[in-house]
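Some notes on the structure that comes next.
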Amino acid sequence: MQPRLPVPLAPLTLLGTLLGAALLAVAVPVAAGDEGAARPGVTATGATVSRVTVSRVSGPTLEADAWSGVADGALTFAVGDETVSVPAGDVIEIVTGTPPDATRAHAPDEVLVDLWSGEQVAGRITAGDDYGVTVRNPLLGEVRIAIDAMAGLRFPYRLEQVAEPPDLRPDDETDVIHLVGGDRIDCTLAAFGTAALTCSTAARDDVRVAYERVTAVRLMPTGETATVAHALTVVLRDGSRVRGTEPRIADGRLELASVSGFAASAALGDIVAVLVDSDAFLYLSDSPEPQVAVTPFWKPVAGDPAAIYAPRMDRAFSGDLLRAGERTWLKGIGVFSGTTLTFDLGGAWREFRTQVAVDDAAGRLGAVVFVIEVDGEERWRSDLVVPAAGSPRGRGTRGPIDAGRISVAGAETLTLRVLAGDDENPYPIQDEADWLGAMLVR
């Protein structure tokens, strides 16, 4: 096997990044899946998806009818009969009207390829060698991924069947192959094939392991991941993510160069959102791990409450995507009531922003109160928050609710608490709470 070397990364200007992101929402054609069916919210004539949402660093969130172009370093959006211009450097996230695909059963040969860059490609392995693997994704086509860029593989069909999920953290000293039944092979991966991989162990150099025996593979880290200023992350409806540069629109598709070294092309109508890399803001789900304190209303009969009620980064407490009021959030934190999170700020941030809600997956019995503290001082407290569908008792405020822009200038700590209801409704039955899009802004 060839030595694993860092993948070279291409530079990108901010305007180039946002130009590519802007074009994602201008004219969205029909996105043909395997059956060629049109996506919800997209017309066969290539009409734009309605109500494009643009999150901004300094200005308010913009709800636009369509994206109309880029001019003089600014992005322009159609809002009714008017045109609104937003400076390119002021954009955080662009959300389209394309929803993520519904959860479905996985096929035995489906694979998820995780990359050190944070990218993920779902599909089926169609080729491989000692340099990498080729995966066919219904939305991206054939994707060639170098072994140096790969953090590992997961086979969801078999992972969902195991009684105890394997530890998928990378090992600093060896590659690891996790097998059906719970066994593992510590080795050095040598080559990928269409039905099996080959690895070298201390005893043999040509161990062949069929994919049908594998639940997951974790590769040994090859060094620090290189960073790219102002790259954009494109999230597709099947959950695949491509982080890249040099965006270009051609024939109704977005083309960009992945920071992991492969070329990617996807239909515009298959894109759920575009996240823009910037030093101007930081999602809490991407920050160093917070201090976590859990005081559940009902203590579990067995097990560590801190583990059972551990917060989920970029996921609802249920493990599904964050969803509230029939909208999906890609970034945020899912917790259960009784959870307190404390983040170290070091005086480096100007303000904190978030929306809060009881997750749609929780059911109608959830009822919580959200509290935000800065350096131990309470800065914001919500009313009783109930699901967007309402509460059977008719009480509370339906989420999601915007907490506004809370100053953290010069602050050392930020503390987020979720309380179990109030005096009239104190019993946490479905208290799956979401901190939606929670971020710090410089």
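Please treat every number below as a calculation from the coordinates, not as lab data. None of these values were measured; they are calculated from a predicted model. Reconstructed Cβ throughout: ideal geometry from the backbone, glycine too, with neighbour counts over all protein chains shown.
In nm, give the distance between the simple-model label positions of D422 and E82, each being 7 Å from the Cα along the Cα-to-Cβ direction.
According to this spin-label approximation, the distance is 3.6 nm.
For region 110-218, what size does the Cα cloud have along each of its three principal axes, sorted from largest down, in whole Å?
Largest first, region 110-218 extends 38, 31, 25 Å along its Cα principal axes.
Compute the FRET efficiency between R393 and D314 as 1/(1 + (r/R0)^6), taking r as their Cβ-Cβ distance and R0 = 35 Å, and round to the nearest 0.05.
Plugging the Cβ-Cβ distance into 1/(1 + (r/R0)^6) gives 0.65.
Amide H to amide H under 5 Å from G366: which residues, 5+ apart in sequence or cross-chain, H placed 1.01 Å off N in plane?
Excluding prolines and chain starts, which carry no amide H, the hits are Q430.
Taking R0 as 25 Å, what's the FRET efficiency between D279 and E351 from their Cβ-Cβ distance, rounded to 0.05?
My answer for the efficiency is 0.95.
Sum up the charges of everything whose Cβ sits under 13 Å from the Cβ of V356, counting Lys and Arg as +1 and Asp and Glu as -1, but leave V356 out.
-2
Could you pull out the GluC sites (Glu not before Pro) across region 139-248 that fall in loop regions by DSSP (anything but H, G, I, E, B) with no more than 13 other Cβ atoms inside 10 Å?
E160, E173, E224
So what are the radius of gyration and Dmax for the Cα set of region 282-441, in Å?
Here Rg and the maximum Cα pair distance are 14.6, 43 Å.
I need D81, D148, D171, D360 ordered by Cβ neighbour count within 10 Å, fewest first.
Ranking D81, D148, D171, D360 by Cβ neighbours within 10 Å, fewest first, gives D81, D171, D148, D360.
Report the label-to-label distance for A195 and R51 in nanometres (one decimal), using points 7 Å from each Cα along the Cα→Cβ vector.
Between A195 and R51, the simple spin-label model gives 5.0 nm.
Residue separation times 0.36 nm, minus the C-alpha to C-alpha distance between A202 and D383: what's the value?
Answer, rounded to one decimal: 59.1 nm.
Sort E63, E93 by Cβ crowding within 10 Å, fewest neighbours at the top.
In order of increasing Cβ crowding within 10 Å: E63, E93.
Mind listing which trypsin sites (Lys or Arg not before Pro) in region 104-166 are in a DSSP loop and have 11 or fewer other Cβ atoms within 10 Å?
The qualifying sites are R104.
Which net charge results for the neighbourhood of D431, defined as the other residues with beta-carbon distances under 13 angstrom from its beta-carbon, given Lys and Arg at +1 and Asp and Glu at -1?
Neighbour charge sum, excluding D431 itself: -2.
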